[in-house]
Amino acid sequence: MTEVNLLAVIAMLSSFMLGSARAAAAAIVDTQTTPAPVVTHGGHRYTLAFSRATDAGWHVVRRDADGDTVLTADLPGHHWIWGTRDNVLLLLSQANADGGAKGWRTHRMLADGKQFTRVHADTVADGYVDRSPDGQTWAAERRVGAHKRIVFFAENSPSMRVFGAEDVPHDDADPQFSPDGQRLLFRSNRSGAWELHTADLEGRNAAQLTRDDTNNTVNPHEYGGEGPPRWSPDGKHIVWMRKFPERGHDLWVMDADGTNAKPLTDNGTIDDAYPSWSPDGQSIAFDSNRDGNNEIYVMNADGSDVVRVTDWPKADLAPVWIRID
């Protein structure tokens, strides 16, 4: 989440915050009886984790066959999950400031909620967080001068390296490493409007993937029309959230070179957002307000057979798939 500040989202959804202002997050359960959408791939099982609005703030939740587990229940502040690598959750958290500046810091934790660890002491912006497939390099957003830029860093390293040239008059946001770790998928307004791009890890050999002028006027707080993207597990396709004037966000898919773009959802003013491929590439999880408030859904990769997964009175957002064995 980039131009949409997480704290702004928290304020926007505050109308959902009913009951005690500091209810115990561990007591929060989902009354929905839909089974966990477990996927088996490569000899491992995967389920969904997502961010949930609660009376105690935003927390990271794992969907299990017998209910939900609030993984950050005992941690102070807000927590927002943006990615996974195998059985490791990649998240932003307001915990572990250690007396430093308030803000979001990159953290990781295991799928069972153990080994919650701060990755870097510096604050970052409220966008995608990712870790390279070899586990050596992290990517996040950070404000550099007047612009948001993507930064690379190693765990516990003393510094961060800016992706591409530092002194440029544009913003880069929402990074994700390609499955082979050789390229970066991201959003940028370097062309004058927010579009999706790829480049190598030095910022060279860049390619602009989207270029539909009809959504260039969409408010930057709605991602400028081209929302955060995700690679498919095989690296051949990209799914993302897209908005045009007078419409909500729809989910689109295209080939990795930007060709053959087509919508997966088409729901008028409804918002379908934050898609995430299952590890076998057969399903896509996402959040949607199609039933009145934001819940988690799963559909086939071609957009068919949409199934609602959660039933929570506040909001569930931004699902990702996590390995559980």
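The values are calculated or read from the model by the stated rules, or taken from the named source; none is laboratory data. On a predicted model such as this, the values are computed, not experimentally measured, just so you know. Using ideal geometry, Cβ is built from the backbone for each residue, glycine included, and neighbour counts are taken over all protein chains shown.
Structure notes:
- Search result, residues across region 194-230 that are in contact (Cβ under 8 Å) with a residue 60 or more places away in the chain, surrounded by 12 or more Cβ atoms within 10 Å (Cβ to Cβ) and part of a helix (DSSP H, G or I): Pro220, Glu222, Tyr223, Gly224
- Test set (1) farther than 16 Å from Leu91 by Cα; (2) among the hydroxyl-bearing types (Ser, Thr, Tyr); (3) assigned to a loop (DSSP other than H, G, I, E, B) - Thr72 fails condition number: (1)
- Criterion applied to Gly145, Gly113 was being free of Cβ contacts under 8 Å to residues at least 40 places away in the same chain and not aliphatic (A, V, I, L, M), and the one residue passing it is Gly145.
- Count - residues of region 243-255 that are in contact with a strand residue (DSSP E or B) (Cβ under 7 Å, 6 or more places away or on another chain) and surrounded by fewer than 16 Cβ atoms within 10 Å (Cβ to Cβ): 1
- Residue check: Asp122 meets all listed conditions (1) surrounded by fewer than 20 Cβ atoms within 10 Å (Cβ to Cβ); (2) outside any loop (DSSP other than H, G, I, E, B) but one, namely (2).
- Selection over region 79-103 of residues that are in contact with a strand residue (DSSP E or B) (Cβ under 7 Å, 6 or more places away or on another chain) and at pLDDT below 95 gives a count of 2.
- Filtered residue count, region 147-181, keeping only those that are within 18 Å of Gly135 (Cβ to Cβ) and not in a loop (DSSP other than H, G, I, E, B): 7
- Residue among Asp280, Asp291, Asp311 that alone is among the acidic types (Asp, Glu), in contact with a His (Cβ under 8 Å, 6 or more places away or on another chain) and farther than 17 Å from Leu71 by Cβ: Asp280
- Residue list for region 182-193, restricted to those being without any contact (Cβ under 8 Å) to a residue 60 or more places away in the chain and either surrounded by fewer than 18 Cβ atoms within 10 Å (Cβ to Cβ) or part of a strand (DSSP E or B) (or both): Gln182, Arg183, Leu184, Leu185, Phe186, Ser188, Arg190, Ser191, Gly192
- Subset tally (residues that are on the phi > 0 side of the Ramachandran plot and in contact (Cβ under 8 Å) with a residue 12 or more places away in the chain) for region 300-324: 2
- Residues that are in a loop (DSSP other than H, G, I, E, B) and crowded, with 23+ Cβ neighbours inside 10 Å within region 273-308 comprise just one, Asn294.
Conditions (1) over 19 Å from the mean Cα position of the chain (by Cα); (2) within 13 Å of Phe50 (Cα to Cα), marked per residue:
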position	(1), (2)
Asp257	yes, no
Asn260	yes, no
Gly268	yes, no
Phe286	no, yes
Gly292	yes, no
Ala301	no, no
Val307	yes, no
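- Within region 94-117, the set of residues being among the polar types (S, T, N, Q), in a strand (DSSP E or B) and either out of contact with any Ser or Thr (no Cβ under 9 Å at 6 or more places or on another chain) or closer than 21 Å to Asp325 by Cβ (or both) comprises just one member, Thr117.
- Residues that are assigned to a strand (DSSP E or B) and buried (at least 21 other Cβ atoms within 10 Å of the Cβ), drawn from region 75-93: His79, Trp80, Ile81, Trp82, Gly83, Thr84, Leu89, Leu90, Leu91, Leu92, Ser93
- Here Gly258 passes the criteria (1) without any contact (Cβ under 8 Å) to a residue 60 or more places away in the chain; (2) small (Gly, Ala, Ser); (3) buried (at least 17 other Cβ atoms within 10 Å of the Cβ) except the one numbered (1).
- Annotation: Pro313 fulfils all but one of (1) over 28 Å from Val162 (Cβ atoms); (2) surrounded by fewer than 21 Cβ atoms within 10 Å (Cβ to Cβ); (3) at pLDDT 95 or above; the unmet one is (3).
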